[in-house]
Each structure stands twice: as C-alpha cells, then as structure tokens.
1. Can you give me the number of residues within region 259-270 that are surrounded by fewer than 21 Cβ atoms within 10 Å (Cβ to Cβ) and in contact with a strand residue (DSSP E or B) (Cβ under 9 Å, 6 or more places away or on another chain)?
2. With the requirement that a residue be part of a strand (DSSP E or B) and within 17 Å of residue 133 (Cβ to Cβ), what does region 254-273 give you?
3. Out of (1) in contact with a helix residue (DSSP H, G or I) (Cβ under 7 Å, 6 or more places away or on another chain); (2) under 20 Å from residue 218 (Cβ atoms), what's the single condition that is false for residue 106?
4. Which residues, counting only those in region 252-273, are under 15 Å from residue 111 (Cα atoms) and either touching a helix residue (DSSP H, G or I) at 6+ places or on another chain (Cβ under 9 Å) or free of Cβ contacts under 8 Å to residues at least 40 places away in the same chain (or both)?
5. Please verify whether residue 36 is crowded, with 18+ Cβ neighbours inside 10 Å, in the same structural domain as residue 9 (by TED's automatic domain parsing) and modelled with pLDDT of 95 or more, treating the condition exactly as stated.
6. Do any helices (runs of 4 or more DSSP H) entirely within region 159-253 hold 3 or more residues that are farther than 22 Å from residue 135 by Cα and modelled with pLDDT under 95, and if so, which?
7. Taking residue 12, is it assigned by TED's automatic domain parsing to the domain that holds residue 108, surrounded by fewer than 16 Cβ atoms within 10 Å (Cβ to Cβ) and assigned to a helix (DSSP H, G or I)?
C-alpha cells in the first residue's frame with residue numbers, strides 16, 4: 001500500500017472505479033478531482049501487485065461535519081483480488097495516515113445489505129455505525145446497486161478507541177462466532193432456495209438486539225429481485241425504527257447454522273453521558 005503519486009496513479013483509480021462498480025462516466029470521480037482533493041488534504045492509497053499493477057485503492061477527503069476528520073469516500077478492489085485482505089490493509093494504511101496527520105476519526109458509508117462489508121467495518125475494524133441514511137445517493141448507474149434505493153449506514157471509526165486499539169493489537173478475529181443471545185428483530189426461513197425475512201419487530205427495547213441480513217446480497221438481488229426488494233424494505237424499517245430510538249450498529253456476528261451463513265448485526269443502545 002502506498003500513497004498515490006503521479007498522474008498515472010490517479011488515472012488508474014478512475015479505471016478501477018469502472019471495473020469494480022460499472023459506473024457511468026458522469027458518476028465517476030475524475031482524476032482531476034482526485035488530484036485536487038488530495039492536494040487539499042485528502043488521501044489516496046493504492047494497492048498493487050509485486051509487478052506494480054494497481055488492483056485497488058482507498059480514497060478519503062477532509063471532512064468537517066462534527067469536527068475535522070477524514071471521510072473515506074471509496075474503497076475499491078478488483079473482483080479477482082477480493083477476499084484476500086486487500087480492503088482491510090487499505091483501511092489500516094488509511095488509519096496510519098490519519099493518525100500521522102493528527103486525526104483520530106475516519107467516517108464512511110456502506111450498504112447495510114452487504115454482509116462482507118459490514119463484517120469488515122464493524123467487526124474486523126471495530127468501527128460503529130451511528131446513522132441510517134435513506135437513499136443517500138439516489139438511483140445510480142452501478143449494476144451493484146441493482147436499481148434499488150441506496151440506503152447507507154454511516155460509520156465512525158474512532159482510531160484511538162479502546163476497542164479499535166484492541167482489534168489492531170490482536171489482529172484478525174475468528175471467521176465465525178456463536179449466535180449472540182439477544183432478542184431477534186427478524187426471523188429468517190429458507191424458501192425455494194432463498195432466505196426470506198419475517199416482518200421486523202419494531203417494539204423491542206433490550207440493551208442489545210440482532211438483525212439478520214442475507215449472506216450473499218448481490219446473488220440474491222440478481223437472481224430473485226422480488227425477494228431482494230422485500231428484504232430491502234424490511235431492513236430499512238428496522239434500521240429506521242431502532243436508529244431513531246437511539247440504537248447504533250455496534251458489532252457484526254458472522255454465524256453459521258445448518259451449513260448456511262447467518263450474518264447478524266448487533267444493535268446496541270447508544271450510551272449517553
């Protein structure tokens with residue numbers, strides 16, 4: 001991982017946006033914009049092979065909402081290099097750069113339906129999601145958004161928080177965990193080969209709750225769009241209700257049952273002073 005240097009690095013990150021997200025040119029962050037924002041204080045880390053081929057990047061710009069910090073707008077890794085820890089190491093490089101600049105907070109948004117992203121953000125990096133943003137980007141040209149509203153969770157990565165420091169020190173957590181013994185917002189059954197969620201319970205009041213999402217969102221959204229649309233509505237209802245009542249997404253539990261992955265958000269009542 002290294003910080004971007006010359007124009008070739010910025011051009012490579014434009015091509016990576018096309019390859020990873022399939023965005024139209026109107027929705028791609030241009031090399032000119034990347035150059036300008038990094039010159040003004042943003043960061044652009046590039047991941048490359050031993051032969052120097054760019055395979056991923058992490059881009060952040062300066063943020064002021066709630067105090068000076070970095071807002072990590074994009075992390076992209078070519079599909080053939082995913083599931084190899086590239087995204088994790090890009091984020092850790094971003095953390096080191098932020099700390100070197102005297103910053104102790106990085107924020108970003110992610111799709112709450114993406115279990116792998118939730119696991120990286122909330123478990124492996126030990127960040128927390130504190131806001132639910134409905135249809136944040138509107139309808140986009142990316143195939144990865146499946147024509148659905150772009151709901152997002154806003155992540156806060158407190159770089160010096162005890163939980164973050166512990167995770168950095170201890171390294172990778174176990175790949176799977178036992179299901180947390182907290183009340184469940186939804187129940188999931190498999191029908192015709194697809195996971196189907198019950199209507200979410202919106203009246204729970206325990207200190208911690210769990211919310212299940214599909215294990216492979218992109219596969220589901222492409223093959224069974226009506227099932228995916230129903231999931232999207234129910235997860236939105238749950239996050240809207242519980243975040244509105246002061247809960248945050250404090251952790252993520254990748255569990256397994258009967259040979260199937262059962263990804264669970266752990267919601268927790270926000271602590272007040």
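The values are calculated or read from the model by the stated rules, or taken from the named source; none is laboratory data. Keep in mind the model is a prediction, meaning the values are calculated, not measured. Heads up, the Cβs are rebuilt from the backbone with ideal geometry, glycines too, and the neighbour counts pull from every protein chain shown.
1. Within region 259-270, the first condition is being surrounded by fewer than 21 Cβ atoms within 10 Å (Cβ to Cβ), and the residues that meet it are 259-262, 266, 268-270.
Next cut, in contact with a strand residue (DSSP E or B) (Cβ under 9 Å, 6 or more places away or on another chain) only: 260-262, 266, 268-270.
Here the count works out to 7.
2. Within region 254-273, the subset part of a strand (DSSP E or B) is 254-257, 260-269.
Matches in region 254-273: 265, 267.
3. Residue 106 satisfies every listed condition except (2).
4. Residues of region 252-273 under 15 Å from residue 111 (Cα atoms): 252, 263-265.
If the condition is that a residue be under 15 Å from residue 111 (Cα atoms) and either touching a helix residue (DSSP H, G or I) at 6+ places or on another chain (Cβ under 9 Å) or free of Cβ contacts under 8 Å to residues at least 40 places away in the same chain (or both), then 252, 263, 265 are the ones that fit.
5. Numbers: crowded, with 18+ Cβ neighbours inside 10 Å: no; in the same structural domain as residue 9 (by TED's automatic domain parsing): yes; modelled with pLDDT of 95 or more: yes.
No: the conditions fail for residue 36.
6. 162-170
7. Numbers: assigned by TED's automatic domain parsing to the domain that holds residue 108: yes; surrounded by fewer than 16 Cβ atoms within 10 Å (Cβ to Cβ): no; assigned to a helix (DSSP H, G or I): yes.
When the stated conditions are applied, residue 12 does not pass them.
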